[in-house]
Amino acid sequence: MGMKCAVSDFDRTLYIDGCISPENLEAIREWQEAGNLFIIATGRNETSIRGFLEKYSLKPDALILNNGALILDGTGEELFCRTIDDAAAKEVLRFLHGLGEEGSGVSMRRAKVNVLSGSGITTQKPCKEQVFIDQIDGLKDILQIHRRRQDKVWIRELCARLNARFPLISAYANVWNGDIVAKGVNKSAAVDLVSRHWGGFDEIRVIGDSANDIQMIRDYGGAALRRADPEVRADAAMIVEDVAEYLSMP
């Protein structure tokens with residue numbers, strides 16, 4: 001029997017209600033011990049995910065980060081990295097600046113910066129470096145821009161506006177987050193890159209819950225959690241309770 005590869009979204013798919021369940025952890029362990037690959041595909045950056053991997057002693061065979069803008073193998077070696085066109089990234093940040101007081105987050109290869117609103121606030125998670133909009137020219141090699149508002153409809157509409165307005169980027173609605181990457185970057189393309197890196201797999205399983213997982217689920221006939229967004233469930237080949245159920249299927 002040849003090698004299989006399973007790719008799981010992280011937030012709300014593997015990491016639910018503040019934890020990774022013992023059942024999911026055991027299923028991943030058994031999957032890898034059988035000689036298969038397990039990969040996490042997330043909108044998070046490398047620093048954000050590392051703490052969870054250490055906490056749960058998880059050792060994925062690769063990490064698809066920033067919605068596919070960065071791919072690392074299990075040792076942390078870079079397999080792929082694609083940044084947003086520099087001028088386009090700055091245009092997007094200035095556009096976002098005019099939309100409200102949320103501020104924006106900027107993920108680079110080894111750093112994350114929060115761009116504060118005009119009032120000096122942000123809804124992004126705290127990070128070491130903060131800048132104002134007139135200081136963004138110093139930001140280089142941007143992998144992903146984040147906008148956060150606790151309004152799913154607003155986020156979906158924002159992503160639609162961004163995709164219509166800026167031809168060099170792709171914006172994905174990720175629950176309360178708008179994730180903005182270079183045009184063509186997505187989790188599905190990242191899975192294809194990973195597959196080619198390993199010389200192909202006999203089977204690829206993918207699972208997710210949000211709009212940024214839809215293309216991956218469509219392309220690979222993947223699964224969605226029962227609690228996933230309705231539009232994600234509609235595109236899934238099957239609906240499951242959790243990652244453990246999906247990995248245990250023959």
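Data overview
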{"read-out": "Filter pass, I84 being surrounded by 14 or more Cβ atoms within 10 Å (Cβ to Cβ) and not in a helix (DSSP H, G or I)", "value": "yes"}
{"read-out": "Hits in the range 117-162 - residues which are open to solvent by less than 70 Å² (accessible area, probe 1.4 Å), touching a helix residue (DSSP H, G or I) at 6+ places or on another chain (Cβ under 9 Å), more than 17 Å from N177 (Cβ to Cβ) and part of a helix (DSSP H, G or I)", "value": "I133, I136"}
{"read-out": "Number of the exception - N67 against (1) modelled with pLDDT of 95 or more; (2) of a type in the set (S, T, N, Q); (3) farther than 15 Å from V181 by Cα", "value": "(3)"}
{"read-out": "Residue match in the range 83-90 (condition: under 30 Å from F201 (Cβ atoms), within 15 Å of the chain's Cα centre (by Cα) and at pLDDT 95 or above)", "value": "yes"}
{"read-out": "Pairs where the first residue, in the range 170-183, is closer than 19 Å to F80 by Cα and the second is of a type in the set (K, R) and surrounded by 22 or more Cβ atoms within 10 Å (Cβ to Cβ), C-beta under 9 Å, 6+ apart", "value": "D179/R147; I180/R147"}
{"read-out": "Residue ID - most open to solvent (accessible area, probe 1.4 Å), chosen from residues in the range 92-116 that are among the hydrophobic types (A, V, I, L, M, F, W, C) and part of a strand (DSSP E or B)", "value": "M108"}
{"read-out": "G178 more than 30 Å from L99 (Cβ to Cβ), buried (at least 22 other Cβ atoms within 10 Å of the Cβ) and not hydrophobic (A, V, I, L, M, F, W, C)", "value": "no"}
{"read-out": "Selection count where residues are under 21 Å from C81 (Cβ atoms) and charged (D, E, K, R), scope the range 184-212", "value": "3"}
{"read-out": "Criterion (at pLDDT below 95, under 21 Å from V175 (Cβ atoms) and touching a strand residue (DSSP E or B) at 6+ places or on another chain (Cβ under 6 Å)) met by exactly one of E46, E101", "value": "E46"}
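The values are calculated or read from the model by the stated rules, or taken from the named source; none is laboratory data. Bear in mind that the values here come from a model prediction, so they are computed numbers and not experimental data. Virtual Cβ from ideal backbone geometry, glycine too; neighbours counted across all protein chains shown. Surface accessibility is based on the protein's heavy atoms, side chains included, excluding ligands, DNA and RNA. Shrake-Rupley method; radii C 1.70, N 1.55, O 1.52, S 1.80 Å.
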